[in-house]
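Below is one structure, written out as C-alpha cells; the observations come after it.
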Amino acid sequence: MLSCHDVANYFLALSDEDAGDLISNLKLQKLVYYAQGFHLALFNEPLFDESIEAWTHGPVIPELYHSYKHRGSGAIPSPEEVNFGVYTLEMKELLDEVYNVFGQFSAWKLRNLTHVEPPWKDVESSAGEISHESMREYFKTQLTNG
C-alpha cells in the first residue's frame, strides 16, 4: 500500500512548471482525495492509510497538509526523485486518470467541487474524519462506463 506522500509525489512529478502547471497544497489535497475516492470505488480498498478530514476548505489529509503548509498557497516543486517502482500498473493508470480529469482545474475550483459532494458535506463537525465507506459509496456513483 502507498502512503499519502507517495500519491502526492506522483502528482507533483506529473506537473509541468514550465507550462504553468502549478500545484499548491490546496490543489494537492484535492487530487490525493480524489485518488483515494476512486481507488475505494474501483478496488474496494484504500490507496493509502492516512486519514482524510473535512476541513473548512474541503477534504484534507492532515499529515500531508503539515508537510507542505510552509509553502502557503504557493506552488510545490516537483520532487527530485520519485521511486516509480512502488506503483502498480493499476495505480499508475488510476493516478494518471485522476490527474488528467482533475489536474486541469484550479485549487479553488476543486475546493468548490468537494463542497457539493456528500463525503465532505455530510461530515457533522469541522475536522471530522471522512470515512472510507462514505467515499466508496459516493465515488461509485461517479464511475462511468467508458
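The values are calculated or read from the model by the stated rules, or taken from the named source; none is laboratory data. Quick caveat, the model's predicted, so the values are computed rather than measured. Every residue, glycine among them, receives a Cβ derived from its backbone with ideal geometry; neighbour counts consider all protein chains shown.
A75 meets the conditions (1) surrounded by fewer than 16 Cβ atoms within 10 Å (Cβ to Cβ); (2) among the aliphatic types (A, V, I, L, M); (3) at pLDDT below 95 in every case but one. The failed one is (1). Residues that are at pLDDT 95 or above and assigned to a loop (DSSP other than H, G, I, E, B) were ranked within the stretch 1-35; the one that is surrounded by the fewest Cβ atoms within 10 Å (Cβ to Cβ) is S3.
Is it fair to say K109 is more than 21 Å from D6 (Cβ to Cβ), part of a helix (DSSP H, G or I) and of a type in the set (K, R)?
Judged against the criteria, K109 is a match.
Within the stretch 36-70, the set of residues being among the charged types (D, E, K, R) and surrounded by 14 or more Cβ atoms within 10 Å (Cβ to Cβ) comprises E50, E53, E63. Going through (1) within 26 Å of L22 (Cβ to Cβ); (2) of a type outside the set (K, R); (3) at pLDDT 95 or above one by one, N83 falls short only on (3). In the stretch 116-133, of all residues being part of a helix (DSSP H, G or I) and either of a type in the set (F, W, Y) or at pLDDT 95 or above (or both), the one that is farthest from D16 (Cα to Cα) corresponds to E133. Only a single criterion out of (1) within 15 Å of A41 (Cβ to Cβ); (2) part of a helix (DSSP H, G or I) is not satisfied by T144, namely (2).
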